[in-house]
1. What are the trypsin sites (Lys or Arg not before Pro) within the stretch C:24-101 that DSSP puts in a loop, where the Cβ has at most 11 other Cβ atoms within 10 Å?
2. Cross-link candidates for A:K22: which aspartates and glutamates have Cα within less than 13 Å, leaving aside residues fewer than 8 places away along the same chain?
3. So, with +1 on the Cβ of K and R and -1 on the Cβ of D and E, and no other charges, what is the size of the charge dipole of the protein assembly as shown about its Cα centre, to the nearest 20 debye?
4. If I fit a long axis through the Cα atoms of helix A:180-195 and take the longest principal axis of the Cα atoms of chain A, what angle between them do I get, 0 to 90°, rounded to 10?
5. Provide the convex hull volume over Cα atoms per residue for the stretch A:34-158, in Å³.
6. Aspartates and glutamates near A:K235 by alpha-carbon distance under 19 Å, same-chain residues fewer than 8 away left out - which ones?
7. Just want the answer: with Cβ charges of +1 for Lys and Arg and -1 for Asp and Glu, which residue in B:S287, B:L271, B:G186 is farthest toward the dipole's positive end in the stretch B:182-306?
8. Largest first and in whole Å, give the semi-axes of the stretch B:205-264's equivalent ellipsoid, each being the square root of 5 times a Cα gyration tensor eigenvalue.
Amino acid sequence: MTASHAVAAPADAILRIEGLVKRFGGLVAVDNVSFGLERGDILGIIGINGAGKTTVMNCINGIYHADGGQIFCNGRNITKLSPHAIAKAGIGRTFQVPRIFHRMTLIDNLLVTSLDSSESDAVLIERAEHFLERVNLAELRYNHGEELSGGQQKLLELARVMMFDPALILLDEPFAGVNPSLCRLFIERIQDLQRDGKSFALVSHDLTSIYKLSNNIIVLNQGQVIAEGGVEDIKNDPAVIEAYLGQ
Amino acid sequence: MSSLTSMDEAKASRIRHTLWFGLIGVVVLWFGSIPILDGNQSLYFSLMLWVTMATSFNIIAGFTGYMPFGFVAFYGMGTYTAAILVSIVKVSPYIAIPASGLAGVLIALLFAPTLRLGGIYFAIVSLSLAVILQRIMGLAPEDITGGSGGLNLGQHTVREQGFYAMLIVLVAALATVTWLTRSRLGKALRAIRDDAQAADAMGINVQRSRLYAWLLSALFASLCGGIQAWFTGALDPVTAFDVLITAKTVIYAMAGGLGTVTGPVIGTVILVWVDELIWRQFPVLNSFLLGLIIALLILFMPRGIIGTLMQKYPRCRRLIM
Amino acid sequence: MSEVLVWNAMIGGIVFGMVYALIGCSLNVLAGVLRVINFAHGEFIIAGSFFAYALFTGLGLHPLLSLPICAVAFFVAGRGLYYLLVPRLARSDEPETSSFLLMFGVSLMLIAAMTWIFEADIRPLNFTFDPINVTLFTIENAYGEGRHGRVLIPTARIVALVINLFIIVGLTWYFYRTLPGKALRAATMNREAIQIVGINIHRLSSMAFGLATSLAGITGVLLALVIPSIDPNGGADIALIGFVVIVLGGLGHPVGALFAGIIFGFVEQFSNLMLPQAAAQMVGFIILVAVIFLKPSGLFGRSVLR
Ligand SMILES: Nc1ncnc2c1ncn2[C@@H]1O[C@H](COP(=O)(O)OP(=O)(O)O)[C@@H](O)[C@H]1O
Ligand SMILES: [Mg+2]
């Protein structure tokens, strides 16, 4: 057995990132980051503001092109693909600041994910209504996105990604600016989806919910992974405590 | 708060479409009778022309968010193609007009790489390309484009035929946008307009969708140009590529409301009348007032009449397309 | 080809190139600070020419004297225009596109106003310098045995060139040595950062707008010195030259515009000399399109793709 064989991704890792680098001018926002994510798991990504969490997500879903390193989804190299191709490969996401389609109805916001589907419009609309129901937005389904509150927009993004039905969902700060009751709803939905076999990468600086949901956690600081492990390991890791409290 | 079931919405949609197609039917009958009843052909022709122009501009600007400041390029290409084919190659307008539409689509394909450009660059390039085309037409050998004097095709064409051709293209353009609002392509385009990156992340092939809109838009604009040549029987590079054509198209479409089906139609109908009035009264001030209207619209009603109505009274959305 | 013509093209390249550089500079101040491409810039410049024309025909004021008046008047007008137009824009759905449209509207209004006031035909500006021309040097036997050629340059163009140089040097000093200039440059690099640092962005932007408008006015007066006839419909051509220059030099870089302006001046003069007229007129556009597609960031890097 060679060493490289030992490092190689297990065939069923839904996401594997190797040596990811992303620079903005002189700033190295993501600096040689590697991690993996097993099917059905929730990976928490934490780190203070500016640590590079959002940038990692943007690289995974192709909004940014990585300056170095590789990204694999189910063993397939997706590093150079465009966002829509990556979406088709089964990776969906939400955004830190919600990016809904504000001049379209909520139903249409969901339908946008299924335009290539061979199913009839009627079937798709029914499904869209179902998912809006699950995030308590069914009442407003013919309203425009811009009429929603910030928290509702986050829920709409979640419904949109559910409609989209990807195997891996990237959630960027889903709980930021959401009131506690919506937050609980959000967490329930994430748990439902995990039971259905979905995998998640979950970015947040709300440690409580991260600890509650995650199977594994990585900690980013200044673009680098400074700790990695199960919830208990991270809670007690001195490097994490320093990164969060030391400065 | 509105608590619609999908049944209600389906019904509202049916009512909306019935009303809309009914209206189109009335317009066809009304406009179709103008040449027979000796009405003011020029006025009605220009109404149809501008509604079609505004509608085709709406396809690219309203549905995808691009602002092609050189929109007149397609129109001008159509004008020249039709005129050259009719007056020099001497083919029938019935062949020349489809060919002019094709020419617009080809030029749009040629310019398609500009769609990759960001807002500022797209605006500059688009404007410049229109000027380049104008120069080429003006500087080309006289026996091809007529040079700076232009071409005359009046003796080969019948005005009334041009009038009816315009009516057909108008209906086709309206049918196309109506289809677009309901179609999946239309949804993709509106998603792209609202947030292209998010649309991309949701699996929409942004470039391909934009290209379709671009080509459709070019098709109708160049058909307008071709038929304009047919109807008026003369053209020259200055008027065929006049920046005022872009200006009027933009204003008419914006005044009604980009991104809606009825907006550009209503905006055009109102402003063409106003324009006629202004022309009569103060020909010199015409383009001053056009400029002023653009500025005021941008500052005070960027969503236009219909767009503002829909924003202020969300319930209207059920009745307006 | 006569040596004299080559010299003339070189001189023309410098004279026009510097004017183009100035056009590019002012466009770039707007593009850099406000992210606005001023579609009315050509008309602003023509308005500057007409300003000089009006003062000359009305009051007999020499263009050299109207230059400072024009600079101040246009600065004030520019700032006024800023407060009238731009703050409202920030509230629209798509400020960038809206700003193009808005300036498009302004340009239509200006063309109409100028055609209305000065009528559609081209206006000559009959000021004089003494002597009218300066002979730079004589080339022996330029046109065959015993026929010498003189390389001439109109005095007005020398004056325009010198003023132009002073303005460019002054601008460079302003951008790199003074506080407001540095703030403007900082704003082109990072708008957010400058707000955090606590500089009132509206004040700064209105300064930029005033400065750009003032420079446009000055350019107009200089242009009237270089070509003493004014065409109210010439704005589109000027604006297009400006676009070529800023694209070539890199959007938002006043210094890039300087080099690009001179390069373009030379290219234009020499293509007039060496190519048929029709082809020469296309050269600028071909450069524009080629640069945008081959090296969209111009001489200085900046991403422009969607
Ligand atoms: N588009 C960009 N251009 C320049 N710098 C960026 C860009 N996006 C992010 N950055 C920088 O990269 C670093 C990481 O940002 P980000 O990934 O958003 O952090 P986080 O999501 O962990 O708060 C920050 O210093 C940020 O300023
Ligand atoms: Mg972030």
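1. Passing sites in the stretch C:24-101 are C:R91.
2. Correct list for A:K22: A:D31, A:D67.
3. My answer is approximately 620 debye.
4. Result, in degrees: 80.
5. In the stretch A:34-158, the Cα hull volume divided by residue count equals 142 Å³.
6. A:D41, A:D206
7. The Cα lying farthest towards the positive end belongs to B:G186.
8. Working from the Cα gyration tensor, I get semi-axes of 24, 16, 11 Å.
All of the numbers you see were taken from the coordinates with simple rules; none came from a lab. Keep in mind that what you see is a predicted model, and the values were worked out from it rather than measured. Because the Cβ atoms are built from the backbone with ideal geometry, glycine has one as well, and the counts that use them run over all protein chains shown.
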